[in-house]
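S.K.: Structure in structure tokens, see below.
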Amino acid sequence: MKIAIFPGHIGKDSGALDRVSGHESDHLMTIESVINGQVAVLLKTKLDQMEINNEIYIGSFQKRIDKSQGCDLGISLHCDSFTDSSANGWTVFHYPGSNNGVKFSSTLRFELENFVGKYIRGRGIKPHSYYILAKTKFPCVLLEMGFLTNVDDEINLNTYEVQNLIAHSIYCSILNFVQMKG
């Protein structure tokens, strides 16, 4: 089994802007790309320790998809933003009609609720036709880890503890999904 890890908004796509803390580097690299990258590396480390084949893919959507041919499961990592700063919580998206995407989403939701729920609330699972979900040839989910435009979510997402708990939740959901498929 090979796992594709897609940290979002690394490169030219800026992603969610960090309006709360106003980090100096926002013009070059948003805090979202930093968080996405850090969670990706934490997840990769956990998978490497258990000798689970995985790769982090960056670049344009099409390059990511092309390079990830042959993978069996994928996770796309993002942080959310919204004009209303009260919007908060993580959301798991799967491609509509993908039974394995729904199963992976369900295991991820369970793990996130258990490990991350006391820091960032869950908004549930939703179907969506995001490009990365529609074009991969393997089950893939997109995780919006929380809202950078919400003060509490942003503070939590910027901590090693919460980033590690998110990575651990994904890791456990991968193990559970693999066991379910048997």
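Quick note: the coordinates plus some simple rules give every number you see, no bench work behind them. Remember, predicted model here, so these are calculated numbers, not experimental data. When we count neighbours, we look across all protein chains shown, and the Cβ atoms used for this are built from the backbone with ideal geometry, even at glycine.
S.K.: Which of 83, 107, 136 moves the most in a Gaussian network model of the chain with Cα springs under 10 Å?
M.R.: Comparing 83, 107, 136 in the GNM, the peak value goes to 83.
S.K.: Give me the distance in nm between label points sitting 7 Å out from Cα along the Cα-to-Cβ direction at residue 99 and residue 113, one decimal.
M.R.: In this crude spin-label approximation the distance works out to 2.3 nm.
S.K.: Also, I was wondering about something else. What is the projected area of the convex hull of the Cα atoms of the chain, averaged over all directions, in nm²?
M.R.: 9.5 nm²
S.K.: What is the helix-to-structure angle for 160-181, meaning the angle in degrees between its Cα long axis and the longest Cα principal axis of the chain, kept from 0 to 90 and rounded to the nearest 10?
M.R.: 20 degrees
S.K.: Okay, moving on. Per residue of the chain, what 222 nm ellipticity follows from adding -39500 (n - 2.57) for every DSSP H run with n ≥ 4, rounded to the nearest 500? Show your work: numbers first, answer last.
M.R.: Working: 6 runs with 77 residues, N = 182.
When only DSSP H runs of four or more count, the value is -13500 deg cm²/dmol.
S.K.: Among residues other than residue 121 whose Cβ falls under 11 Å from its Cβ, what is the net charge (Lys/Arg +1, Asp/Glu -1)?
M.R.: Net charge in that neighbourhood comes out at -1.
S.K.: Right, here's the next one. Assuming 0.36 nm per residue, please report the length gained on full extension of the stretch residue 160 to residue 175 beyond their Cα-Cα distance.
M.R.: Difference between extended and current length: 3.2 nm.
S.K.: Pull up the DSSP beta bridges for the chain and report the antiparallel fraction as a percent, rounded to 5.
M.R.: Antiparallel bridges make up about 15 percent of those DSSP assigns within the chain.
S.K.: Run through every distinct alpha carbon pair of segment 65-116 and return the Kirkwood hydrodynamic radius in angstroms, one decimal place.
M.R.: About 13.2 Å for segment 65-116.
S.K.: Moving to a separate point now. With each pseudo-label sitting 7 Å past Cα toward Cβ, what's the residue 126-residue 50 distance in nm, one decimal?
M.R.: Modelled inter-label distance: 2.9 nm.
S.K.: Angle check, please: helix 31-49 long axis (alpha carbons) against the longest principal axis of the chain (alpha carbons), in degrees 0 to 90, nearest 10.
M.R.: With rounding to tens, the tilt is 30 degrees.
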